[in-house]
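Read through the structure below, which is laid out as structure tokens, and then see the notes.
The values are calculated or read from the model by the stated rules, or taken from the named source; none is laboratory data. Because the structure is a prediction, the values reported are computed rather than measured. As a convention, Cβ positions derive from the backbone with ideal geometry for all residues, glycine included, and neighbour counts pool all protein chains shown. These area figures cover heavy atoms from the full protein model, side chains too; ligands, DNA and RNA do not enter into them. Shrake-Rupley method; radii C 1.70, N 1.55, O 1.52, S 1.80 Å.
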Amino acid sequence: MQKTVEIMGKIAANRYLRAIRDGMAVIIPVAIVGSFFTILTQMPIDAWKTFIQPYAAGLAIPINFSMGFMSIYAAFAIAGRLAEEYDFDKISTGAVSVMIFLLLAVKPITTTPAAFKALGLKAAATVVPLTNFGAAGLFTAMLAAILTAEVTRLCRDHHLVITLPDGVPPAVAASFSALIPATILIVGAWTIHIGFNFDINSFLQWIFSPLGYFGRDNLASVIVPILLTDIAWLFGIHGAALATPIFWPLWYPNLNANMAALSKGATAATVPHYMTEQFFQWFVYVGGAGATLSLCILLAFFSKSSFGKTMGKVTLVPSIFNINEPVIFGVPIVMNPYFAIPFVFAPLAMGIITWFATITHLVNRTIALVPWTLPGPIGAFMATGFDWRAAVLNIINILVALAIYYPFFKIWDKNQLKKEQLAAEEDIKKADASAATA
């Protein structure tokens, strides 16, 4: 057991996985704001839909520049996180990383005379395909960020950097310090993609294609991420540290495809994919990993032990807003045999129920990224294009998790109460002994 904990701890502490997790988190506010424009077009009011229809094309622009450009944001942010780890300038490192990503993943195309006339252009133009700017380029963005940080580190460690006098402004000094590693990286990336005509983005997609099975719309794609994330948490490992690099590059293309389908006339009920990050956020991890909102409800309203009641009062409100570190580390749930089973099986049950509800079209599919701190029913309602049935399903899942947690909670609470009673009796004995001595 201890060896397993140590191995998982080392995996979660890996600087690359941490940087990818933190770098991907930078995308969230951009994606949420972009998704807000999707939500505007999906409000279930006929008068509103009629009013907004002439502006649909314009509303799609922020969506394209958020989710559709996420690989650029990831390349910059992941490299910046690694630069912080190595203690060198994160801005210049991020900028170089973006260029390396563009050189590796994107190849401009010059239009033919017939093509530019069809586009209404007066002369031939260079066109940049946008396909790999979005989720399709995430693996290449990660690679570009890691390569940029590592080459910069090696150049610094071997003194292959241009050092300017102390009086030079820090931003200028950082730019010159990045010049030699940037040259090495840019020439290398150009040689790979243009010189050797090697499409590294397609190659990486091929390498990671077996993982793609868990980004498809199937039951295995529901079960495996839940098992990986929640088992990691039981060992005290932040589940996102493992899940983000593996599954987010698979889930976000699906959300992109859903948004693209909406722009072409689909509805939240008919978009192609249900396997997105929002599927888990609003129907599985209600209250956080392990569906711990249900446990917090039990602690707050059904505990007989003083510790349980106190923990319930402290953790219930954060859990409503999907912040569950207080209950995970406060009870604790980590390495706790009482709660290990429901912590895994409650989300599994919720995932399977939601999968069935989705494939039978009892609820809409998720079509937008909404703030993860919203209470569950509200988030589910918005993420599915204002489907009231999604809010109902969210509540049903909370009740299912509550039922699964209940017998384990009762055993834990009874044991906790017995400990408190024994401690109280011991205090009384000590007090009586002190009084007798006096």
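Taken together, the residues in segment 252-296 that are open to solvent by less than 40 Å² (accessible area, probe 1.4 Å), in contact (Cβ under 8 Å) with a residue 40 or more places away in the chain and in a helix (DSSP H, G or I) amount to 19.
If you go through segment 370-409 and pick out every residue that is open to solvent by less than 30 Å² (accessible area, probe 1.4 Å), farther than 21 Å from SER319 by Cα and out of contact with any Lys or Arg (no Cβ under 8 Å at 6 or more places or on another chain), you end up with 2.
When GLY312 is tested against the conditions (1) within 29 Å of LEU17 (Cβ to Cβ); (2) at pLDDT 90 or above; (3) small (Gly, Ala, Ser), the lone failure is (1). When you scan segment 153-173, do you find a residue that is among the polar types (S, T, N, Q) and surrounded by 12 or more Cβ atoms within 10 Å (Cβ to Cβ), even just one? No, segment 153-173 contains no residue that is among the polar types (S, T, N, Q) and surrounded by 12 or more Cβ atoms within 10 Å (Cβ to Cβ).
So which residues in segment 361-411 are outside any helix (DSSP H, G or I) and hydroxyl-bearing (Ser, Thr, Tyr)?
Within segment 361-411, THR366, THR373, THR384 meet the criteria.
Condition test on ILE367, is it touching a Leu at 6+ places or on another chain (Cβ under 7 Å), of a type outside the set (Ser, Thr, Tyr) and surrounded by fewer than 19 Cβ atoms within 10 Å (Cβ to Cβ)? In short, no.
Note on segment 218-251: residues that are touching a residue at least 60 places away in the same chain (Cβ under 8 Å) and either closer than 18 Å to MET350 by Cβ or of a type outside the set (S, T, N, Q) (or both) amount to 21.
Only one of ALA220, ALA243 is crowded, with 20+ Cβ neighbours inside 10 Å and among the hydrophobic types (A, V, I, L, M, F, W, C). Can you tell me which? Step through it out loud before you land on a result.
Values: ALA220 fails: crowded, with 20+ Cβ neighbours inside 10 Å.
Step by step, each of ALA220, ALA243 is checked, and only ALA243 is crowded, with 20+ Cβ neighbours inside 10 Å and among the hydrophobic types (A, V, I, L, M, F, W, C).
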